[in-house]
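Participant: I'd like to ask you about the structure that follows.
Readers should treat all values here as calculations from the given coordinates under stated rules, not as data from a laboratory. Predicted, not measured: the structure shown is a model, and the values here were computed from it. Every residue, glycine among them, receives a Cβ derived from its backbone with ideal geometry; neighbour counts consider all protein chains shown.
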Amino acid sequence: MRYIAAIGLALAFIVSAPTLHADSHTEASAKFIATLAERAINSISDTALSVEERRSKFRELFREGFAVNGIARFVLGRYWRKASDAEKDEYLKLFEDVIVSTWADRFSQYTGQKFEVNGAHPVPSASDQENVALVESRFFVDATTPVRIEWRVASRGDLFKIVDVSVEGISMANTQRDEFNSVIHKAGGEVSALLVELRNRSGS
Amino acid sequence: MSNSVFGFKSIRFAVVLTLAGILGACATTPSNDPEARAAYDEANDPFEPANRLVFSVNVMVDQLVLQPTAVTYRDLFPDALKPPVHNFFTNLFMPLSFIHALLQGDLDRAEQAAARFVTAVPTLLLAKTMPEKDPIFEDAGQTMAVWGFDAGPYVMLPLLGPSSVRGTVGTVADFFIDPVGWVLGTEASIGRATGNAVITRSRNLEQVRDLQKNSLDYYAAVRSLYRQQREAQVRNGATEPVQPAPTIGLELDDPGKGPKETASGN
């Protein structure tokens with residue numbers, strides 16, 4: 001009886017293995033988010049950290065977990081092509097600095113709220129070299145108020161990176177892009193105007 | 001009663017007049033530069049100068065009236081009574097949601113709205129924290145979206161806040177459609193709107209402060225958030241369609257390739 005069960009199990013595994021493999025990046029993406037969140041909560045929200053220590057820990061995780069340059073380019077939108085190489089280099093650096101200082105400070109207000117990953121499903125990818133998965137999660141502001149957070153994770157083999165985060169259906173990348181484009185548009189299309197603003201922010 | 005109806009109508013009428021006035025003050029359409037033209041089309045905000053003006057007045061009114069009221073409510077109103085009060089105001093939106101869910105042909109959500117309305121009554125009396133059914137929010141703007149109308153340009157309404165041409169038409173339509181208005185009178189509608197504004201504001205005090213502090217262009221940030229939130233509401237929270245982040249790929253962030261070589265490409 002036990003053998004039959006074992007054979008049945010083995011068969012089931014063989015039969016389901018190909019489909020499992022096809023969608024394994026979604027599973028792996030969900031695990032990637034859960035692990036990253038746990039590490040962030042453990043390391044960055046430590047109240048004993050100084051502001052500088054927290055920012056440097058956040059920067060490390062941000063670089064590791066997010067497609068920082070890809071996001072930065074998307075956020076600059078149509079002005080990416082207009083920017084000079086020097087502007088691009090400075091912009092990429094400032095973009096990271098501003099995100100790091102803003103979000104590291106937000107993490108300092110974390111007081112043990114529950115975070116859970118609820119699953120993942122594949123979404124179409126623009127590139128045939130990449131898989132994209134949408135990882136669904138909930139963050140509990142308080143015991144009865146969950147906030148829906150979706151993580152868009154792109155992967156190439158073993159390389160996993162977050163390319164966008166949506167909170168209650170609002171994409172952070174889209175919001176940042178609309179805002180940056182407005183700053184540049186107001187200044188008559190000059191990317192340098194955005195750099196001035198970002199420089200002011202990154203110092204704080 | 002008829003007086004106050006007239007009063008409320010005059011407010012709406014004033015809104016319409018203001019809008020008409022705004023039309024005269026459109027942002028200048030850029031003509032030569034294709035990039036500027038594309039940015040202008042994408043923002044879809046031809047009334048931007050007027051909208052920014054109204055926005056700054058709204059922000060001022062918020063700082064002077066709404067925010068202090070919301071802080072007082074948050075700090076002085078007993079915490080134990082907040083959930084039932086919140087439920088009460090939420091519940092007053094369910095009849096309108098019910099009608100719009102039906103108009104959208106969404107029987108499930110119509111049923112949910114009705115169920116929420118009914119189940120919340122004993123919950124209110126017993127002052128429990130949460131009714132079992134989640135509330136449903138549907139309005140004429142969302143119904144028009146389901147029917148295929150585009151949102152149209154962005155509109156910043158005095159006091160009522162961010163909207164679109166479609167949203168503004170919807171707000172006016174809902175004033176006539178809303179059963180709460182017929183049954184309880186216009187005072188109840190205004191009371192509900194006011195109560196809801198205070199409650200909502202008391203729950204987003206930190207977020208708004210954070211946004212004001214961290215955004216480079218507060219007006220543009222609010223415009224973007226409003227649009228995305230409305231789209232999410234129209235989808236009823238379903239996962240966004242295929243398109244959203246057009247192409248954020250890993251080509252700049254793959255350590256095997258190195259960001260520099262591609263950074264200046266494209």
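Participant: Take each complete run of DSSP H in chain A, measure how far its Cα atoms stretch along the helix's own axis, and keep only those covering 24 Å or more with mean Kyte-Doolittle hydropathy at least -0.5; list them.
Facilitator: TM-like helix candidates: A:2-22, A:24-44, A:85-107.
Participant: Do any of A:Lys57/B:Lys213; A:Lys31/A:Lys161; A:Lys31/A:Lys114; A:Lys57/A:Lys161; A:Lys114/B:Lys213 go past 19 Å between their Cα atoms, and which?
Facilitator: Check vs 19 Å cut-off fails for A:Lys57/B:Lys213; A:Lys114/B:Lys213.
Participant: For segment A:84-142, which GluC sites (Glu not before Pro) are in a loop by DSSP, counting at most 12 other Cβ atoms within 10 Å?
Facilitator: Taking segment A:84-142 and a limit of 12 other Cβ atoms within 10 Å, no loop GluC sites (Glu not before Pro) are found.
Participant: How do B:Ile199, B:Ile136 rank when sorted from fewest to most other Cβ atoms within 10 Å of their own Cβ?
Facilitator: Working: B:Ile199 19, B:Ile136 25.
Taking fewest neighbouring Cβ atoms as first place, the list is B:Ile199, B:Ile136.
Participant: Which whole-Hz ³J(HN,Hα) couplings does segment B:166-182 yield from phi under the Karplus relation 6.51 cos²θ - 1.76 cosθ + 1.60, θ = phi - 60°, glycine and proline marked x?
Facilitator: With the stated coefficients, segment B:166-182 comes to 5, x, 5, 4, x, 4, 5, 4, 5, 4, 8, 7, 4, x, 4, x, 5 Hz.
Participant: Output the relative contact order of segment A:127-204, whole-number percent, from Cα pairs under 8 angstrom with separation of 6+ residues.
Facilitator: Computed value for segment A:127-204: 18 percent relative contact order.
Participant: Can I ask one more? Subtract the Cα-Cα distance of A:Arg81 and A:Lys31 from 0.36 nm times their separation in residues, and report this length gain in nm to one decimal.
Facilitator: 14.4 nm
Participant: While we're looking at this one, here's another question. Sorting B:Met94, A:Met172 on the 10 Å Cβ count, fewest up front, what's the list?
Facilitator: Taking fewest neighbouring Cβ atoms as first place, the list is A:Met172, B:Met94.
Participant: Subtract the Cα-Cα distance of A:Glu38 and A:Arg199 from 0.36 nm times their separation in residues, and report this length gain in nm to one decimal.
Facilitator: 54.8 nm
Participant: While we're looking at this one, here's another question. So what's the back-of-envelope 222 nm ellipticity for chain A, counting only DSSP H runs of four-plus at -39500 (n - 2.57) apiece and dividing by all residues, rounded to 500? Provide the component values of the computation, followed by the final result.
Facilitator: Values: 8 runs with 120 residues, N = 204.
It lands at -19500 deg cm²/dmol.
Participant: Taking the number of other C-beta atoms within 10 Å as the exposure measure, put B:Tyr219, A:Tyr110 in order starting with the fewest.
Facilitator: Numbers: B:Tyr219 20, A:Tyr110 15.
In increasing order of surrounding Cβ atoms, one gets A:Tyr110, B:Tyr219.
Participant: Estimate the FRET efficiency between A:Thr145 and B:Ala193 by the formula 1/(1 + (r/R0)^6), using the beta-carbon distance for r and 22 Å for R0, to the nearest 0.05.
Facilitator: Calculated transfer efficiency: 0.45.
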